[in-house]
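Comments concern the structure below.
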């Protein structure tokens, strides 16, 4: 069994990201902005669709942007079961975009999975409380 996010749960395309940024509720952490749009469940779709963005301006090297995206994806994959369960019970669907915002003083080589996962765990209860 694959231990990755399924393709159906990945948010793709400019319009999808734009609608979440425009209409979503923003939750702020030290490292991440999280934009969330909750709507009625659509049949045959994943209860959560995830998007990950990392600024090219702050991280000009693609290697660095990809590393940050991998860390975000992994922390979400490991710590989102509760959110998926609640959305399924309430018959809702969420589109969530995580945007990495850490400053220039961040040492990317010192950034660990545990740090990103702790940040996600702080934002997750706020998201769960906001679900109608």
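Only the coordinates and a few stated rules stand behind these numbers; no lab work does. The shown structure was predicted, so the numbers you read here are calculated from the model rather than taken from an experiment. Virtual Cβ from ideal backbone geometry, glycine too; neighbours counted across all protein chains shown.
Structure values in brief
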read-out: Alpha carbon centroid spacing (whole Å) that separates segment 101-132 from segment 1-38; value: 14 Å
read-out: Highest-fluctuation residue, 114, 49, 41 considered, GNM on the chain with Cα pairs under 10 Å; value: 114
read-out: Residues 100, 17 arranged by fewest to most Cβ contacts within 10 Å; value: 17, 100
read-out: Cα gyration tensor of segment 1-63 - equivalent ellipsoid semi-axes, whole Å, descending; value: 22, 17, 12
read-out: Computed helical MRE - 222 nm, the chain, DSSP H runs ≥ 4 contributing -39500 (n - 2.57), nearest 500; value: -13000 deg cm²/dmol
read-out: Rounded tilt (10° steps) of 14-23 against the dominant C-alpha axis of the chain; value: 80 degrees
read-out: Cα-based Rg and Dmax for the chain, where Dmax is the largest Cα-Cα distance (Å); value: 14.4, 44
read-out: Helix 62-78 axis, angle to the chain major axis (alpha carbon atoms, nearest 10°); value: 40 degrees
read-out: Distance between modelled label sites at residue 56 and residue 92, nm, 7 Å Cα→Cβ extension; value: 3.4 nm
